[in-house]
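Notes to accompany the following structure.
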Amino acid sequence: MRLGLAVCLGALLLAGCGDSNRPGPAPVVWIVVDTLRADHASGLSPEIRTPSIDELARDGVRFPKTFSHAPLTLPSHVAMFSSRHVFTSGVKLNAQVLPELPMLSTWFARAGYRTAAVVSLSSLWPIAAGLGMERGFETYVYDGNVDCWPAERVHQELEGVLDGWADGQEPFFLFAHFSDPHDPYNAHGTVERFVDLLLDERLVERVRTSEFGFRQGMVTVPPGEHRLEFRGEHAFKVRLLEVRGPEGLLPTTWQTGKLWQDGKQAVVTITNPTDQDLECDLLALVGDSLSSEETKSRYRLEVEHVDRYVGEFLASLRRRGLYDQALILLTADHGEALGEHGHVGHVVNLHDEMLHVPLVIKLPRGHAKTAQLASNSERLVRLIDLAPTVLDALDLPGLPGQQGSSLLGSAPAQALLAETYRPLAPKTQFALRDPRFKLMYFPADHVYRLFDVLQDPGELADVFQSKAGDFIVWQQELARTAAASAAAKTAEPVLDPKAARRLQGLGY
């Protein structure tokens with residue numbers, strides 16, 4: 001069966017090469033900027049400069065009404081690359097095993113494409129061989145030690161992948177994942193802040209907290225109890241702390257402060273239960289506490305930083321003669337709240353600041369369907385529509401069971417279904433959204449909330465009581481979806497100590 005599919009897809013590709021009316025095997029470059037809000041990559045704000053994304057949009061088509069299905073990295077990526085809703089895929093949380101789904105990476109590999117991914121965030125790293133997003137990728141580049149990579153490291157790794165393909169003639173599918181806008185937000189040199197790390201009043205290290213304050217190194221811990229202190233002149237939070245000896249983690253007891261608590265001092269007692277000195281790996285992640293205005297400023301700096309390296313990557317494609325012939329797509333997995341509805345971050349609700357994402361698609365130069373793609377630029381787009389669009393543009397068969405629709409077709413836009421789940425969200429929630437209205441459903445309370453997002457883009461006024469009768473079908477659909485999701489068998493997250501540490505450091 002697999003061989004037959006590969007032959008079929010390969011024949012389609014070869015047919016495309018010989019027919020000027022068919023697109024042929026163009027390279028595919030799929031860029032995801034994790035946690036990127038749509039309003040920070042729209043090209044409309046003079047305060048936010050994203051020249052690289054804007055240039056790509058001038059060469060392609062920008063879709064300003066694009067929305068995610070989940071405000072969480074792994075569920076959103078699985079939805080995107082499988083063209084399945086979250087409850088259908090069964091991947092609702094980070095660190096879950098990926099079920100046997102037809103994934104875009106596998107589909108391209110069977111069609112004769114070389115496949116590679118460079119991923120910069122630990123929530124996309126493999127939890128065990130073959131059980132995660134790496135499935136179908138010939139090359140899957142990540143680092144199991146540092147929770148997230150900066151854009152410059154991602155660009156460096158992407159260059160290495162392209163260098164390795166320099167002599168090949170096969171088309172390729174390259175997934176480039178940048179995560180700079182994800183919390184913690186770096187200052188990029190606009191301010192320098194440090195916290196002193198002391199063991200028994202002896203300075204171990206000054207940890208920079210205004211950038212990614214990740215510290216890992218060896219310390220000698222004598223027998224008995226010892227005082228480990230974080231001390232700063234500004235407020236900070238310890239996001240992660242481990243002291244690991246030869247036989248495992250040493251016992252720790254918080255005396256002042258605790259993980260994720262703001263303060264200028266945090267004190268921990270660590271205990272060496274043996275009668276000899278232990279050489280221990282002391283790992284900590286410490287970030288400075290930000291005001292509301294600092295949060296917004298830092299987030300903007302992160303977006304502008306990642307835009308610079310997206311531009312470097314696109315320039316590299318041009319130098320290699322790949323840019324014009326490639327299908328290039330840029331989007332985000334979800335957005336980020338910057339104080340709206342009382343939150344900073346994502347995952348906790350289904351308001352637009354967490355779901356509205358940018359989307360730019362550039363077809364190969366001269367592609368026959370460019371005008372058709374542009375004609376759909378103002379429609380509501382769901383992330384599950386992206387894989388069908390790319391496969392349609394390449395004249396390849398769609399994914400089996402795909403629930404999205406190609407943006408190259410004339411079918412009417414479908415309403416967006418979004419989901420978020422406990423325990424990362426305070427309550428499991430579902431939502432349906434069209435260009436004007438959004439209906440939210442909280443199944444534990446059997447409560448609905450309705451927003452007119454055209455008249456009330458901040459989603460502040462619940463109009464469900466006055467308009468409930470107009471949305472009976474949506475109410476029924478959300479109730480059925482919630483029931484089906486609750487009844488479906490879902491894999492438990494695989495949280496070995498290392499995976500748990502990685503996710504904890506990112507705030508999950």
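All of the numbers you see were taken from the coordinates with simple rules; none came from a lab. The structure presented is a predicted model; accordingly, all values stated were derived computationally and were not measured. Neighbour counts are summed over all protein chains in view; Cβ atoms, including those assigned to glycine, are modelled from backbone coordinates with ideal geometry.
The packing ranking, built from the mean of other Cβ atoms within 10 Å per residue, places the peptides 457-468, 301-312, 63-74 in the order 63-74, 301-312, 457-468, highest first. Farthest towards the positive end of the charge dipole of the chain, among the residues 299, 261, 347, is the Cα of 347, using unit charges on the Cβ of Lys, Arg, Asp and Glu.
Expressed as a fraction of 2.2 N^0.38 Å, the C-alpha radius of gyration for the stretch 339-434 is 1.29.
Near residue 66, the amide H atoms lying under 5 Å from its own belong to 357, 381; only residues 5 or more places off or on other chains count, and H is placed 1.01 Å from N.
Using C-alpha pairs below 8 Å separated by at least 6 residues, the relative contact order for the chain is 23 percent. Taking every DSSP beta bridge that has both ends in the chain, the antiparallel portion is near 75%. For the stretch 194-289, the residue among 273, 241, 220 whose Cα projects farthest onto the positive side of the dipole built from Cβ charges is 241.
If R0 is taken as 51 Å, the Cβ-Cβ distance between residue 163 and residue 296 corresponds to a FRET efficiency of 0.85.
Packing, as the average of other Cβ atoms within 10 Å across residues, places the peptides 52-60, 291-299 in the order 52-60, 291-299, highest first. About its Cα centre, the dipole of the stretch 194-289 is roughly 400 debye, where the only charges are +1 on Lys and Arg Cβ and -1 on Asp and Glu Cβ. Each peptide in 84-91, 133-140 was scored by the mean count of other Cβ atoms within 10 Å over its residues; highest first, the order is 84-91, 133-140. Helix 472-487 and the longest principal axis of the C-alpha atoms of the chain enclose an angle of approximately 60°. To the nearest ten degrees, helix 73-82 and the longest principal axis of the Cα atoms of the chain are 20 degrees apart.
Between residue 234 and residue 325, the contour length at 0.36 nm per residue exceeds the Cα-Cα span by 27.7 nm.
Computed about its Cα centre, the charge dipole of the chain is approximately 1260 debye, with only Lys, Arg, Asp and Glu carrying charge at their Cβ.
Rounded to the nearest 10 degrees, the angle from helix 151-164 to the longest Cα principal axis of the chain is 50 degrees. Shape class for the stretch 47-200: rounded, because the ratio a/c of the largest to smallest gyration tensor axis (alpha-carbon atoms, square roots of eigenvalues) is under 1.5. Kirkwood radius, the stretch 194-289, all distinct C-alpha pairs, inverse of mean reciprocal distance: 13.2 Å.
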